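Have a look at the structure below before the remarks.
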Amino acid sequence: MSPSATTTATPATNGNGTIKAKNGVNGSANGTHANGNGVARNGKNGKEAHLSSTELIRLENEHGAHNYHPLPVVFDRALGAKVWDPEGREYIDMLSAYSAVNQGHCHPRIVAALVAQAQKLTLSSRAFHNSVFGRFAERVGGVFGWEMVLPMNTGAEAVESALKLARKWAYLRKGVPEGEAIVLSVADNFHGRTLGVIRCVFLSSSDPSARVGFGPYLPGVGPTFVDPEAEGGSRVIRFGEISDLQRALELHGPRVAAFLVEPVQGEAGIIVPPPTYLPAVAALCKKHNVLLICGEIQTGLGRTGKMLAIDHAGIRPDIVFLGKALSGGVYPVSAVLADKDVMLCIQPGEHGSTHGGNPLACAVAITALDVLVEEDLSAHAARLGEVFRSSVLALKSPYIKTVHGLGLLNAVVIDQDTCTAARAARGQDVAGNKRRTAWQFCLLLKARGVLAKTTHGNVVRFAPPLVIEEADLVKAVKIIGECLVDLERLDEIPGDDSEEGGH
Ligand SMILES: Cc1ncc(COP(=O)(O)O)c(C=O)c1O
């Protein structure tokens with residue numbers, strides 16, 4: 001019986017409080033089961049009934065963990081840079097699932113690769129070889145220029161893998177005493193959500209939610225280091241401040257395995273470092289025999305106008321990891337890239353993943369890379385990024401503080417205070433949720449058919465699929481202008497629940 005087929009109208013609980021139908025499929029109390037297209041099937045006669053956006057959001061809120069605060073819009077169908085909700089309303093996607101759908105939603109070639117491979121072989125595990133992984137590994141090497149690839153699934157797993165690899169290298173090759181290796185990172189980096197990874201993220205951010213309440217954290221990893229001359233005895237490595245890393249390496253170099261950095265900080269607000277920063281970082285790492293690890297999960301694969309964001313700086317790190325758009329958003333695929341002298345520090349049995357390197361993932365990723373290269377999406381991103389930034393600036397809105405970014409990874413920083421003050425000056429209410437926020441701006445965008453989200457606070461990220469047509473980008477900018485006017489003038493913001501959401 002297919003999972004979307006019959007459920008019974010008489011639900012029973014499955015022991016952990018959720019409702020379970022007799023056939024073992026979790027369903028709702030009225031015996032309907034959503035099949036993922038906003039379509040519900042009635043258990044008794046199989047007749048289809050559409051669930052509205054409101055009903056789908058209610059189901060999600062009732063039965064799904066509340067670890068995100070989504071904008072109130074339901075994706076039902078998508079193609080390229082366009083998305084449609086169950087009611088058929090069309091939107092321009094300006095987030096790309098956090099830069100996972102660089103190639104555009106449901107790219108026909110990538111979907112075809114998925115379907116073809118799914119009908120042939122989906123999983124071998126790496127207990128055996130499969131007929132696609134080797135081709136994927138060779139292709140990744142050819143595109144990015146590292147000798148070997150370690151395949152994983154999610155971004156956070158790739159980061160964990162890189163941390164393990166760096167520690168192993170430090171003990172085997174650098175001679176760091178066992179148990180003493182340090183991996184330095186940068187304040188406000190973002191690398192994912194696992195326990196190991198959160199130690200390197202968001203240390204001094206205005207949004208501590210990624211870390212607070214989950215300690216104790218992994219020792220020997222993170223953006224702080226002991227400095228007897230600093231106030232309080234420790235210092236934080238700030239992004240773009242080369243003197244911080246210099247000091248950390250002067251004090252602790254012999255025990256430092258690696259320095260981990262995003263070439264452009266994404267979640268921190270699309271922060272592009274000064275052009276001299278990354279070359280100076282690479283030189284310092286070389287001097288102290290420290291591996292340089294660059295996280296290209298959000299910035300890589302054409303997003304910033306080059307295949308990798310490090311290409312802007314002309315550096316070659318020892319380890320790079322990729323995720324998200326490595327599959328065009330069709331399937332979770334991530335990868336760690338390194339040369340043999342580093343990668344072969346990990347031997348059979350020391351690291352792995354049941355799904356990592358599976359044939360389905362590999363077939364999808366090969367095609368996703370083909371699409372990026374053959375459609376020259378980096379160049380498209382570079383050109384349209386200029387168009388985006390210049391046309392947003394040309395709006396000359398008093399409620400935009402800055403526009404910055406690289407390629408099609410951009411931030412528009414909303415001047416919430418100026419907007420609120422303008423309302424007050426016109427005698428409008430500014431108490432409670434009448435105070436103006438970037439979150440409300442995103443709700444206004446959504447109401448006019450543009451989807452974007454704050455990274456945190458007043459920073460709104462605009463990162464459309466790289467296949468977006470110029471006319472749609474220009475239309476989105478026009479709507480940005482209209483929504484900035486609405487932000488000041490409107491009293492009620494549609495859908496406002498007054499919770500400012502980051503992720
Ligand atoms: C820069 C960066 N690194 C790592 C991750 C984690 O990837 P995943 O969510 O696939 O674990 C993200 C996710 O947003 C990211 O933006």
Checklist entry - Restricting attention to the range 196-220, which residues are within 13 Å of the ligand (Cβ to nearest atom) and either farther than 20 Å from residue 455 by Cβ or at pLDDT below 75 (or both)? => result 196, 200, 201, 202, 210
Checklist outcome for this item: If we keep only residues of the range 171-195 that are in contact (Cβ under 8 Å) with a residue 24 or more places away in the chain, part of a helix (DSSP H, G or I) and of a type outside the set (A, V, I, L, M), then the residue surrounded by the fewest Cβ atoms within 10 Å (Cβ to Cβ) is 173
Next on the checklist: Can you report the number of residues in the range 145-168 which are within 16 Å of the ligand (Cβ to nearest atom) and farther than 18 Å from residue 290 by Cα?
Outcome noted: 9
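Test residue 137 against the stated conditions and say whether it is closer than 30 Å to residue 264 by Cα and not assigned by TED's automatic domain parsing to the domain that holds residue 358.
no
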Checklist entry - What pairs can you find where one residue is in the range 469-480 and touching a residue at least 24 places away in the same chain (Cβ under 8 Å) and closer than 18 Å to residue 382 by Cα, the other is assigned to a helix (DSSP H, G or I) and of a type outside the set (Val, Ile, Thr), and their Cβ atoms are less than 7 Å apart, with a gap of 6+ or different chains? => result 470/384; 473/384; 473/388; 474/391; 477/388; 477/391
Checklist outcome for this item: All conditions in (1) more than 16 Å from the ligand (Cβ to nearest atom); (2) farther than 23 Å from residue 340 by Cα are true of residue 239 except (1)
Next on the checklist: Which of the numbered conditions does residue 153 fail, given that it passes all the others? Conditions: (1) over 22 Å from the mean Cα position of the chain (by Cα); (2) under 20 Å from residue 359 (Cβ atoms); (3) buried (at least 21 other Cβ atoms within 10 Å of the Cβ).
Outcome noted: (1)
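Taking the condition of being among the hydroxyl-bearing types (Ser, Thr, Tyr) and touching a strand residue (DSSP E or B) at 6+ places or on another chain (Cβ under 7 Å), how many residues in the range 224-273 meet it?
Step one: of the range 224-273, the residues among the hydroxyl-bearing types (Ser, Thr, Tyr) are 224, 234, 243.
Remaining after also requiring touching a strand residue (DSSP E or B) at 6+ places or on another chain (Cβ under 7 Å): 224, 234.
Of the residues in the range 224-273, 2 are among the hydroxyl-bearing types (Ser, Thr, Tyr) and touching a strand residue (DSSP E or B) at 6+ places or on another chain (Cβ under 7 Å).
So in the range 213-252, with the set limited to residues that are in a strand (DSSP E or B), within 25 Å of the chain's Cα centre (by Cα) and without any contact (Cβ under 8 Å) to a residue 40 or more places away in the chain, which one is surrounded by the most Cβ atoms within 10 Å (Cβ to Cβ)? Outline the logic, then answer.
Going through the range 213-252, the residues in a strand (DSSP E or B) turn out to be 221-222, 224-226, 234-236.
Restricting the remaining residues to those that are within 25 Å of the chain's Cα centre (by Cα) gives 221-222, 224, 236.
Restricting the remaining residues to those that are without any contact (Cβ under 8 Å) to a residue 40 or more places away in the chain gives 222, 224.
Values: 222: 23, 224: 17.
That would be 222.
Report the residue count in the range 311-324 for those that are crowded, with 24+ Cβ neighbours inside 10 Å and over 11 Å from residue 154 (Cα atoms).
If we filter the range 311-324 for residues that are crowded, with 24+ Cβ neighbours inside 10 Å, which is where we start, we get 317-324.
Subsequent filtering for residues that are over 11 Å from residue 154 (Cα atoms) retains 317-320.
Within the range 311-324, residues that are crowded, with 24+ Cβ neighbours inside 10 Å and over 11 Å from residue 154 (Cα atoms) number 4.
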Checklist entry - Can you tell me how many residues in the range 339-363 are assigned to a loop (DSSP other than H, G, I, E, B) and charged (D, E, K, R)? => result 2
Item to check | Given (1) at pLDDT 95 or above; (2) out of contact with any Asp or Glu (no Cβ under 7 Å at 6 or more places or on another chain), number of the condition residue 339 does not satisfy | outcome: (2)
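The values are calculated or read from the model by the stated rules, or taken from the named source; none is laboratory data. These figures come from a predicted structure and were not determined experimentally. Note: ideal-geometry Cβ built from the backbone for every residue, glycine included; neighbour counts use all protein chains shown.
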